[in-house]
Each structure stands twice: as structure tokens, then as C-alpha cells.
Amino acid sequence: MSPGVTSLWVDLPVNIAKEIMTIIQLIYGVPSIVLMLFLIIFLGCSPKYSSSFYRLVQVDLLTNLICWLNTWISLRSSEFAWGTTYIKFFESILPGTWNFSTYLLNFFMHLQFCSAAWMSVHRISSILFFNHYEKFWSRYYMLIALIFCGYSCIPQIPGEYPQMSLVNGSLYFTFYPARVHSFNVQVLTFSVVYFVTLVGLGISVPLIAKYRLRDVVTDSGLSRKLTRIALTYGFVYSGILAWTVINTLQSLFSLFPEWFGKASYAMLSVASDMMTLALPYILLIYDSNIKRDLRNPLESSKITTAIVSS
């Protein structure tokens, strides 16, 4: 194990800009999390959404939900003054909470890529293997999700992540400077590979759909839907990876001015939210089934109210 550096984690001074940013993140984050929970339950309870695609969507929603909540423990707690307060609370009732959350940060980087990629792969398989894809995904999607979880654990560096401990009411922080460079190189390598893979899948889906469905008039709407969803996923999920590549290059080689690195890092959590919280809104924009089912109860409620009033 590399020698670590231990320091006292002092309470952060009040930073108005960071406090405002935290409030903004809560304003858009909490409703998005509530929407995620609703869609997970809604898609699971309705027989109409029993296809394998919606099972993959549920797994993706659950992954992003847990990922977002986890960032408020190890990542965002250092960005505002009152973050130290609840970290002390968590560490007092469950020691090691911060350490485990730090481990999960890198874990979710890999798992989110897998979750994004398999939705595009599912769409490709629905075109190439129309008669068999549904049976395969319905039977093995949970097994594939577990394999993804196992894979996401492999790139970790056991025992050399930053560590936090609560001693006599004070937080002590330990990090391993000897591993910083190799860790940044690892993140850069995976981010580039994931970025290229997602962009490749995003381009492949509409091309395959256009080629295989070009003579099928009844599926022209499906082809357009696949194109829009694939391009949207490709933009959102690969965007945060591109941001990660830029930040990692800056930390390794200082390619950009110092102010750019600070600003980019400060906005990293917001950029990450664009990926983590995007799926519910993408579904509401492009999935006509969900839009129709959510709109009909509201319309029925208005009609019922009008009848009762009359």
C-alpha cells in the first residue's frame, strides 16, 4: 500500500456561490429523483410495460437514482459548509459510510456506462433479431445487470481510496498521493474507451434501423423514434465522459489556463447531473406510450370533475 497523508478535515467556511449552487442542485434534483421513483414503480406495476426494454429502463433508473444520492455523501459534502455536519452524523452511526461512498463513485462511472450501452445494444438486437431478442432480454437482463456490477468492481483500487474517520468528534482525511497519477490515467483511459463506444453505438442504431427498416412502411415511425432516442442518449451520456476526459487531461498535463480547470471542476457535479437525471425526461419526451398513459388519467380526472360539477 502506498504511504498516505492524513490531515484534519476542518469545517468549511461559508461560500455563498457554492451554497447557492447546492440549493439549485436540490431544486432540480429532488423532483427528478421523485419522478425516477414514480417511473420505477409505474413501469413495474403496469402489465402494459412488461417488455424487456422497460425492465432495462427500470435498472437504468435505479442505477442513476442511487448514483445521485451517493454523490451527496463523498463528493458534494465537501462543496458546502453544512456538508461536514451530516458526514459526522453518518460516520457516528455507521462508521465507514464516507469511505464506501468514495468507492462507489468510480464504481458507478463504469456501471452507468454499461447501463447506457446496453439500452443501445437492446435496440440494435430488436432490429437484427426481431423474433428472438425479447425472449433473450426478458430472461437474462438481471443476470447481465449482475455481470455489469461485477465488472464495475474490477477497476477499483482496494485500500488506496481516500479514507475518512471520525475520532473524538473530528474528521480525519487520508489520501494516497502516490496513486493520484495512475488513478487519473486509469480514468482517462476508461473515459476515452467509453466515449468512443457510446458514440459508435449512437451512430450505429439509426444507421441499422434505416438500413433494415427502409422498406417497411409500418415501421417508419419506429425508425424515427430509434434515431431520436439513440442520438439523445449518445449526446447526454457521452457528454459527461468528454467532460471527464478534459478534466483529467487538465490534471495530468495542465493544458488549459488555471481558471479553466477550477471552473470546469466546479461545474462537474452539474454536468454529471445532466447524465444521471436525464433519463426520465428523455422518456417523457420520446416515449409516446408513457406520455399517453400519464396524460389520460389527468384528462379523465378533469372530465369526471366536470360531470360531478354539472
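The values are calculated or read from the model by the stated rules, or taken from the named source; none is laboratory data. Source: prediction; values computed, not measured. FYI the Cβ positions are ideal-geometry reconstructions off the backbone, even for glycines, and counts take in every protein chain you see. We work out accessible area using only protein heavy atoms, side chains counted, and drop any ligands, DNA or RNA first. Shrake-Rupley method; radii C 1.70, N 1.55, O 1.52, S 1.80 Å.
Summary of values
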item	result
First in segment 40-59 and closer than 19 Å to residue 125 by Cβ, second anywhere and open to solvent by 40 Å² or more (accessible area, probe 1.4 Å) and of a type in the set (D, E, K, R), Cβ under 7 Å, 6 or more apart	51/134; 52/134
Residue 136 vs. criteria within 30 Å of residue 207 (Cα to Cα), of a type in the set (A, V, I, L, M, F, W, C), open to solvent by 70 Å² or more (accessible area, probe 1.4 Å) and at pLDDT below 90	no
Residue match in segment 148-171 (condition: assigned to a helix (DSSP H, G or I), open to solvent by less than 20 Å² (accessible area, probe 1.4 Å) and modelled with pLDDT under 90)	no
Enumeration of residues in segment 38-63 that are open to solvent by 70 Å² or more (accessible area, probe 1.4 Å) and of a type in the set (Phe, Trp, Tyr)	38
Verdict on residue 212 being in contact with a helix residue (DSSP H, G or I) (Cβ under 8 Å, 6 or more places away or on another chain), more than 19 Å from residue 112 (Cβ to Cβ) and not polar (S, T, N, Q)	yes
Subset of segment 6-37 (residues that are open to solvent by 40 Å² or more (accessible area, probe 1.4 Å) and under 17 Å from the mean Cα position of the chain (by Cα))	26, 28, 30, 31, 34, 37
Of all residues making up segment 276-297, the number that are within 14 Å of residue 231 (Cα to Cα) and either part of a helix (DSSP H, G or I) or open to solvent by 50 Å² or more (accessible area, probe 1.4 Å) (or both)	5
Unique match (being open to solvent by less than 60 Å² (accessible area, probe 1.4 Å) and either modelled with pLDDT of 90 or more or not in a helix (DSSP H, G or I) (or both)) among 66, 73	73
Single residue of segment 122-136 satisfying the filter (farther than 13 Å from residue 51 by Cα and part of a helix (DSSP H, G or I)) that is nearest to the chain's Cα centre (by Cα)	124
Filter result for residue 285 (at pLDDT 80 or above, among the β-branched types (Val, Ile, Thr) and under 20 Å from the mean Cα position of the chain (by Cα))	yes
Odd one out for residue 163 among (1) more than 24 Å from residue 84 (Cβ to Cβ); (2) touching a Gly at 6+ places or on another chain (Cβ under 8 Å)	(1)
Any chance residue 106 is assigned to a helix (DSSP H, G or I), out of contact with any helix residue (DSSP H, G or I) (no Cβ under 6 Å at 6 or more places or on another chain), open to solvent by less than 40 Å² (accessible area, probe 1.4 Å) and touching a residue at least 60 places away in the same chain (Cβ under 8 Å)	yes
Where a residue in segment 114-137 is of a type in the set (Val, Ile, Thr) and its partner, wherever it lies, is open to solvent by 60 Å² or more (accessible area, probe 1.4 Å), with Cβ under 7 Å and at least six apart	127/212
